[in-house]
Amino acid sequence: MIAGGSAGLGLVIARTFLSADYHIVIVGRDPGRLNLAAEQLRSSGGSGVTVLCGDMSERDQADGIAGKIADQLGRLDVLVNCIGASDRGLVEKLTAEQIHRLVQQNVIATLHCSQASLPLLIQSGGTVVNIGSLAGKVTARYLGGYNVAKHALTGLTGQMRMLLAVGHAFPGLGDWLLLKFTSSPDPPSPRKH
Ligand SMILES: NC(=O)c1ccc[n+]([C@@H]2O[C@H](COP(=O)([O-])OP(=O)(O)OC[C@H]3O[C@@H](n4cnc5c(N)ncnc54)[C@H](OP(=O)(O)O)[C@@H]3O)[C@@H](O)[C@H]2O)c1
């Protein structure tokens, strides 16, 4: 499952998993954008594409998506949390509403997708990949509320790694785990179409 798989980096990640023979599920809010992305993915040669629509900043909708994956596909091996939004601006103009919106997109959506998917991931011994940013590791000028939100995501990811590993789910920071994933001698078994 690629949360945020209908555009940008998420779509690239979706294509990569598809070409590695995974059945992929792409998730986003806009059905038109999702269907267009699915068409592009299928035309590049993969048929195992499922489209699920929902706003992952709402916990009940994340639960609904996980429920559909359980019903339709029966298992979940990898969750890629790629929902996020960037920002630009000066600290003196940063508003609470701006931070709230960015935290919803960059942190809460990841929290909801992970919590909703956890039972399936524990069952499969699966993997969570949270897509972070350099803005979650170092601070930079003019990034508006993006530094705040991505640092919060780094904190959440660290907690997930420490607390959930015992349940056989292994969350990590995006770039690091993606590398481990593609070069691992023992990756999770791909689901065939
Ligand atoms: N682009 C970069 O240069 C860059 C650099 C470092 C890190 N990142 C990180 O990579 C991630 C993806 O960035 P991007 O630039 O590729 O983003 P993007 O092009 O804006 O794509 C965001 C994706 O998330 C979906 N989405 C957004 N909010 C959602 C919600 N509440 N519920 C469900 N789906 C939602 C969007 O579809 P809908 O709008 O239809 O919902 C879309 O599929 C972000 O976390 C970003 O911080 C990006």
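Brief remarks follow.
- The lone criterion from (1) more than 16 Å from the ligand (Cβ to nearest atom); (2) modelled with pLDDT under 90 left unmet by Arg141 is number (2).
- Within segment 130-156, tally of residues that are of a type in the set (Ser, Thr, Tyr) and free of Cβ contacts under 8 Å to residues at least 40 places away in the same chain: 2
- Scanning segment 70-88 for residues that are in a loop (DSSP other than H, G, I, E, B) and more than 9 Å from the ligand (Cβ to nearest atom) yields Leu73, Gly74, Arg75, Leu76, Asp77, Asp87, Arg88.
- Screening Val78, Val51 for residues that are over 17 Å from Leu153 (Cα atoms), in contact with a helix residue (DSSP H, G or I) (Cβ under 6 Å, 6 or more places away or on another chain) and among the aliphatic types (A, V, I, L, M) leaves exactly one candidate, Val51.
- The lone criterion from (1) surrounded by 12 or more Cβ atoms within 10 Å (Cβ to Cβ); (2) more than 27 Å from Val49 (Cβ to Cβ); (3) modelled with pLDDT under 90 left unmet by Leu177 is number (2).
- If you go through segment 112-166 and pick out every residue that is charged (D, E, K, R) and not in a helix (DSSP H, G or I), you end up with 2.
- Some residue of segment 103-116 being touching a residue at least 12 places away in the same chain (Cβ under 8 Å), closer than 21 Å to Gly158 by Cα, surrounded by fewer than 17 Cβ atoms within 10 Å (Cβ to Cβ) and away from the ligand (no atom under 13 Å from the Cβ): yes
- Members of segment 1-58 found to be small (Gly, Ala, Ser), crowded, with 18+ Cβ neighbours inside 10 Å and not in a loop (DSSP other than H, G, I, E, B), listed by number: Ala3, Gly10, Ala14, Gly28, Ala37, Ala38
- Selection of segment 12-69 for residues being within 15 Å of the ligand (Cβ to nearest atom) and small (Gly, Ala, Ser) yields Ala14, Gly28, Gly32, Ala37, Ala38, Gly54, Ser57, Ala62, Gly64, Ala66.
- For segment 117-132, residues that are crowded, with 19+ Cβ neighbours inside 10 Å, of a type in the set (Val, Ile, Thr) and more than 16 Å from the ligand (Cβ to nearest atom) total 1.
Condition check ((1) in contact with a strand residue (DSSP E or B) (Cβ under 7 Å, 6 or more places away or on another chain); (2) of a type in the set (A, V, I, L, M, F, W, C)) across all residues:
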| position | (1), (2) |
| --- | --- |
| Met1 | yes, yes |
| Gly4 | yes, no |
| Ile13 | yes, yes |
| Ile24 | yes, yes |
| Asp30 | no, no |
| Arg33 | no, no |
| Leu41 | yes, yes |
| Ser44 | no, no |
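The values are calculated or read from the model by the stated rules, or taken from the named source; none is laboratory data. As the structure is a computational prediction, the values presented were derived from the model and not from experiment. No Cβ is skipped: glycine too gets one built from the backbone with ideal geometry, and neighbour counts run over all protein chains shown.
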